[in-house]
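Peer 1: Let me give you the structure first, and then I'll get to my questions.
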Amino acid sequence: MSTNTSVSQVADLETPLKFAYWVPNVSGGLVVSTIEQRTSWDFDYNKKLARIAENSGFEYALTQTRYAASYGADKQHEATSFSLALLGATEKLKVISAVHPGMWHPGVLAKFIITADHISGGRAAVNVVSGWLKDEFVNFGLEWLEHDERYVRTEEFIRVLRGLWTEQEYSQSGKYYNINNFTLNPAPLDVPGRAHPEIFFGGNSTAAQAAAGRTADWYFSNGKDLAGFEDNISGVTAAAAAVGRTPKFGLNGFVIARDTEAEAKDTLREIVAKAHRPAVEGFRAAVQEAGASTKDGKGMWADSSYEDLVQYNDGFKTGLIGTPEQIAQRIVDFKKIGVNLMLTCYLHFQEEVEAFGRNVLPIVRELEADLARKNGTELNTDLLPETNFEGATL
């Protein structure tokens with residue numbers, strides 16, 4: 001699984017990779033399959049998982065948003081309230097709430113995140129996703145915008161968030177939002193190294209990449225192989241450079257770490273063989289229609305196969321499947337081409353998140369340090385999160 005990947009100009013070799021996990025606030029787990037998934041969407045399970053994660057070297061968690069539960073699931077908790085509860089149950093973990101413009105007014109969301117930021121000591125963040133599920137908007141009686149227009153709204157939405165978080169008497173005149181001399185007090189907490197609560201952004205299309213480059217702190221990519229990731233961020237880096245910005249990059253990956261590569265691949269085959277075909281096919285039809293609606297056909301999931309969509313954010317494509325050593329090398333190969341954060345998901349969240357922290361992360365850190373030295377610099381170990389496996393024990 002190791003490669004001879006060259007180091008990209010956008011790679012940050014001094015800063016340790018950050019790790020996040022998808023919060024399983026949706027029933028059924030993170031693959032649309034009848035394979036056993038020892039996970040749960042309820043709060044008690046997720047509270048324990050969050051504590052395991054922050055003690056195992058994870059710095060972020062991302063809470064999913066959906067109003068009509070989908071992907072074969074029948075239950076899902078709302079993202080912002082669930083995230084706030086997880087922030088209250090943890091001490092170090094940053095929790096990212098996924099939100100849809102059009103479902104929220106940005107001023108109301110800005111106020112909510114400020115409150116969450118104060119409650120948590122500066123650990124609240126937001127992931128702005130433009131939305132592809134038309135039925136949610138239409139059945140709520142909300143305006144449904146065509147693809148590229150959704151990103152016009154999203155860009156305005158993010159500008160309102162940042163403006164209200166960083167300025168007094170903020171004003172903004174736009175097509176979708178008009179803010180007139182508005183001040184939010186209190187402001188977000190003053191956290192060293194952070195201008196305001198972090199803004200994450202997801203979307204693969206040309207319109208999405210351009211909006212992300214101009215406005216987002218972080219760009220999240222669906223699962224990709226090495227070449228696919230480089231292609232996916234090219235539009236983001238170009239748009240960011242044009243306005244003097246340097247966003248960071250996160251990549252989704254489904255982790256299957258086993259004692260042998262054969263065992264890991266057998267698990268993947270079983271996941272796909274036991275896929276809930278009607279749910280996957282329904283999801284495939286919906287998302288590929290959304291992808292096809294873009295001007296250049298580069299929307300999210302536009303090139304995803306049936307097998308890819310069994311993990312609904314293309315997590316298998318990233319290739320985090322094998323032994324801990326193979327997975328660690330693969331992760332560092334992605335760091336070489338610009339990944340700053342790995343967003344991970346698992347079959348059995350509590351035990352596999354802890355195992356990832358124990359068995360994979362130490363190898364990643366060794367490889368990162370070696371990579372930095374070989375390129376004439378040093379890994380800044382002062383930035384590494386503390387681990388406490390006694391506190392993480394199941």
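We did not get these values from a lab; they are worked out from the coordinates using the rules stated. Not measured: the values here are computed from a predicted model. A quick note on method: Cβ atoms are made from the backbone with ideal geometry, for glycine too, and the neighbour counts reach across all protein chains shown.
Peer 1: How far, in nm, would the chain grow between residue 348 and residue 241 when pulled straight, counting 0.36 nm per residue and subtracting the alpha carbon separation?
Peer 2: Values: separation 107, 0.36 × 107 = 38.52 nm, distance 4.01 nm.
Using 0.36 nm per residue and subtracting the Cα-Cα distance, I get 34.5 nm.
Peer 1: A follow-up question, please. Connecting C-alpha atoms closer than 10 Å in a GNM of the chain, tell me which of 30, 86, 184 has the biggest fluctuation.
Peer 2: Maximum among the listed residues: 184.
Peer 1: For residue 355 and residue 47 in one chain, what is 0.36 nm times their gap in residues minus the Cα-Cα distance, to one decimal in nm? Please list the in-between numbers first.
Peer 2: On the way: separation 308, 0.36 × 308 = 110.88 nm, distance 1.77 nm.
Contour length minus the Cα-Cα distance gives 109.1 nm.
Peer 1: Please report the net charge: other residues with Cβ closer than 11 Å to the Cβ of residue 306, K and R +1, D and E -1. Mind dumping the intermediate values first?
Peer 2: Values: positive: 277, 284; negative: 281, 307, 308.
Neighbourhood net charge equals -1.
Peer 1: Starting from the Cα gyration tensor of region 124-248, take the square roots of the eigenvalues, sort them a ≥ b ≥ c, and report rounded, prolate or oblate (rounded when a/c is under 1.5, otherwise prolate if a/b is larger than b/c, else oblate).
Peer 2: Details: a/c = 1.84, a/b = 1.17, b/c = 1.58.
The shape class here is oblate.
Peer 1: Taking the Cα centre as origin and putting +1 on Lys and Arg beta-carbons and -1 on Asp and Glu beta-carbons, what dipole magnitude results for the chain, to the nearest 20 debye?
Peer 2: On the way: 38 positive and 51 negative charges, 92 e Å.
With Lys and Arg at +1 and Asp and Glu at -1, about 440 debye.
Peer 1: Find which of 262, 10, 272 sits farthest along the positive direction of the dipole of the chain, computed with +1 on the beta-carbon of Lys and Arg, -1 on that of Asp and Glu, about the Cα centre.
Peer 2: 10
Peer 1: What does the net charge come to around residue 143 if you take all other residues with beta carbon closer than 13 Å to its beta carbon, with K and R at +1 and D and E at -1?
Peer 2: Values: positive: 134, 150, 153, 175; negative: 136, 146, 149.
Net of charged neighbours comes to +1.
Peer 1: With a/c under 1.5 counting as rounded, go ahead and sort the chain into rounded, prolate or oblate using the C-alpha gyration tensor (a ≥ b ≥ c being the square roots of the eigenvalues; past the cut-off, prolate if a/b is larger than b/c, else oblate). The partial results should precede the final answer.
Peer 2: Working: a/c = 1.35, a/b = 1.19, b/c = 1.13.
The shape class here is rounded.
Peer 1: Could you tell me which residue out of 88, 238, 356 lies farthest along the dipole of the chain toward its positive end? Charges go on the beta carbon: Lys and Arg +1, Asp and Glu -1, centred on the Cα centre.
Peer 2: In the chain, that residue is 238.
Peer 1: Now for a different question. Can you give me the relative contact order of region 3-50 as a percent, contacts being Cα pairs under 8 Å and 6 or more apart?
Peer 2: Numbers: 25 pairs, mean separation 13.6, N = 48.
Averaging sequence separation for qualifying contacts and normalising by length gives 28 percent for region 3-50.
Peer 1: Could you give the nm distance between label points at residue 231 and residue 92, where each point is 7 Å from its Cα heading toward the beta carbon?
Peer 2: In this crude spin-label approximation the distance works out to 3.9 nm.
Peer 1: Where a ≥ b ≥ c are the square roots of the eigenvalues of the C-alpha gyration tensor, would you call region 1-65 rounded, which needs a/c under 1.5, or, failing that, prolate if a/b is larger than b/c, or oblate? Before the final figure, lay out the partial values.
Peer 2: Working: a/c = 2.82, a/b = 1.77, b/c = 1.60.
Here region 1-65 falls in the prolate category.
Peer 1: Mind scanning 47/94; 18/336; 336/374; 47/317; 224/248 and naming the pairs with a C-alpha gap bigger than 20 Å? Mind dumping the intermediate values first?
Peer 2: Details: 47/94 13 Å; 18/336 14 Å; 336/374 12 Å; 47/317 29 Å; 224/248 16 Å.
The answer is 47/317.
Peer 1: List the trypsin sites (Lys or Arg not before Pro) in region 140-217 that DSSP assigns to loop (not H, G, I, E or B) and whose Cβ has at most 14 other Cβ atoms within 10 Å. Which are they? List each step's numbers first, then the result.
Peer 2: Details: sites: 150, 153, 159, 162, 175, 194, 214; in loops: 175.
Counting only loop positions with at most 14 other Cβ atoms within 10 Å, the trypsin sites (Lys or Arg not before Pro) in region 140-217 are 175.
Peer 1: Of 218, 144, 165, which has the largest mean-square fluctuation in a 10 Å C-alpha GNM of the chain?
Peer 2: Among 218, 144, 165, the largest GNM mean-square fluctuation belongs to 144.
Peer 1: Using r as the Cβ-Cβ distance of residue 380 and residue 187, and R0 as 41 Å, what FRET efficiency do you calculate, to the nearest 0.05?
Peer 2: Values: r = 29 Å, r/R0 = 0.70.
That pair, residue 380 with residue 187, gives E of 0.90.
Peer 1: Next up: How much net charge surrounds residue 247 when only other residues with a Cβ under 10 Å from its Cβ are counted (Lys, Arg +1; Asp, Glu -1)?
Peer 2: +2
Peer 1: Right, something else. Between residue 138 and residue 103, 0.36 nm times their residue separation minus their Cα-Cα distance comes to what?
Peer 2: Numbers: separation 35, 0.36 × 35 = 12.60 nm, distance 1.13 nm.
Taking 0.36 nm per residue and subtracting the Cα distance, the gain is 11.5 nm.
Peer 1: Follow-up question, since we're still on this one. Counting pairs of alpha carbon atoms under 8 Å apart in space and at least six apart in sequence, what relative contact order in percent does the chain give? Provide the component values of the computation, followed by the final result.
Peer 2: Working: 795 pairs, mean separation 98.1, N = 394.
Across the chain, relative contact order equals 25 percent.
Peer 1: If you don't mind, another one. Taking 51 Å as R0, compute the FRET efficiency from the Cβ-Cβ separation of residue 390 and residue 167 and round it to 0.05.
Peer 2: Values: r = 45 Å, r/R0 = 0.87.
For R0 = 51 Å, the calculated efficiency reads 0.70.
Peer 1: Of all GluC sites (Glu not before Pro) in region 321-394, which ones are in loop regions per DSSP and have a Cβ with at most 13 other Cβ atoms within 10 Å?
Peer 2: Values: sites: 325, 351, 352, 354, 366, 368, 378, 386, 390; in loops: 378, 386.
In loop regions of region 321-394 (DSSP not H, G, I, E or B), the sparsely surrounded GluC sites (Glu not before Pro) are 378, 386.
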